[in-house]
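Peer 1: Structure incoming, see below.
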Amino acid sequence: LLTLQVNAQTRQRTALNHTATHLLQAALRQVLGDHVKQAGSLVTPDRLRFDFTHFSPLTPEEIDQVEEIVNSRIRQNIEVCVSFIPYREAIQRGAMALFGEKYGDIVRLVQVGEVSAELCGGTHTRRSGDIGLFKIIAETGVAAGVRRIEAVTGEEAWKAIKREERELRTIATALKARPGEVAEKVHRLIKE
């Protein structure tokens, strides 16, 4: 006798990161252009990693813009719909499919409102608002023409922000500065 049991907490945290990955890809395409295509991904309960085609590093402004778009869509609390439909119909609806992936006649389409439509077999949230918060923690190059974003969601995103706040407070204390004065004091020290 074999009994299977899903760890609900692990599955939910994975779902947050997976739905956020779909929102991330849509935001990257909006900010950088339609040439952006998924080149790999990793979704775990703790974080997400998304590799995509793009020819140059993202600027800090582009990273901020992508983060803002994803978090805006989270706040909109968009319904996530899953349906099983014929492959041709999914493609006609604008679904993104992975290049080189083989699909059957009937596919699983995951749609986040009008924002994202992808062929996907993974676990997802019921609404975008379930994600809570999205935070990019790294953007790097992994190969010629391929960039990587690592990000966290939900409680892990909140923890990442709290770590940054603690570090800023530590720096501010060392410089005897208020948090709003830190950059100015650092620039002055570098000049000296």
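The values are calculated or read from the model by the stated rules, or taken from the named source; none is laboratory data. Since the model is a prediction, treat every value here as computed from it, not as a measurement. When we count neighbours, we look across all protein chains shown, and the Cβ atoms used for this are built from the backbone with ideal geometry, even at glycine. Protein only, heavy atoms only, side chains kept; ligands, DNA and RNA dropped before computing areas. Shrake-Rupley method; radii C 1.70, N 1.55, O 1.52, S 1.80 Å.
Peer 1: For the peptides 16-22, 125-131, 148-154, 160-166, what is the packing order when you average, over each peptide's residues, the other Cβ atoms within 10 Å and list the highest mean first?
Peer 2: Ranked from most to least packed, the peptides come out as 16-22, 148-154, 125-131, 160-166.
Peer 1: Pop the C-beta distance of Y103 and T3 into the FRET formula with R0 = 25 Å and round what comes out to the nearest 0.05.
Peer 2: 0.20
Peer 1: For the chain, take every pair of Cα atoms, bin their distances at 5 Å starting from 0, and report each bin as a whole percent.
Peer 2: All Cα pairs, binned at 5 Å, distribute as 1, 7, 14, 16, 17, 14, 11, 7, 4, 3, 2, 1, 1, 0, 0 percent.
Peer 1: If amide hydrogens are placed 1.01 Å from N in the peptide plane, which non-local residues have theirs closer than 5 Å to the one on A95?
Peer 2: none
Peer 1: Please compute the length gained on full extension between Q92 and Q12, using 0.36 nm multiplied by the number of residues separating them and subtracting their Cα-Cα distance.
Peer 2: Contour length minus the Cα-Cα distance gives 25.7 nm.
Peer 1: Averaged across orientations, what area in nm² does the convex hull of the alpha carbons in the stretch 64-134 project?
Peer 2: Its Cα hull, projected and averaged over all orientations, spans 5.2 nm².
Peer 1: Return the FRET efficiency for the residue pair A174, E150: r is the Cβ-Cβ distance, R0 is 35 Å, and the value is rounded to the nearest 0.05.
Peer 2: Once rounded, the FRET efficiency stands at 0.80.
Peer 1: Now, a different point. How big is the gap, in Å, between the Cα center of the stretch 10-80 and the Cα center of the stretch 120-179?
Peer 2: Using only Cα atoms, the two centres lie 12 Å from each other.
Peer 1: Using a 1.4 Å probe, what is the accessible area per residue for the stretch 116-192, in Å²? Present the calculation step by step, with values, prior to reporting the outcome.
Peer 2: On the way: 4840 Å² over 77 residues.
Per-residue accessible area for the stretch 116-192 comes out at 63 Å².
Peer 1: While we're looking at this one, here's another question. Between K37 and K162, what FRET efficiency comes out of the Förster formula 1/(1 + (r/R0)^6) with R0 = 30 Å and r the beta carbon distance, rounded to 0.05? Working shown, then result.
Peer 2: Values: r = 34 Å, r/R0 = 1.14.
Step by step, r from the Cβ atoms, then E = 0.30.
Peer 1: Then there's this: Please report the relative contact order for the chain, taking Cα pairs under 8 Å with a sequence separation of at least 6, and give it as a percent rounded to a whole number.
Peer 2: About 23 percent, as a whole number.
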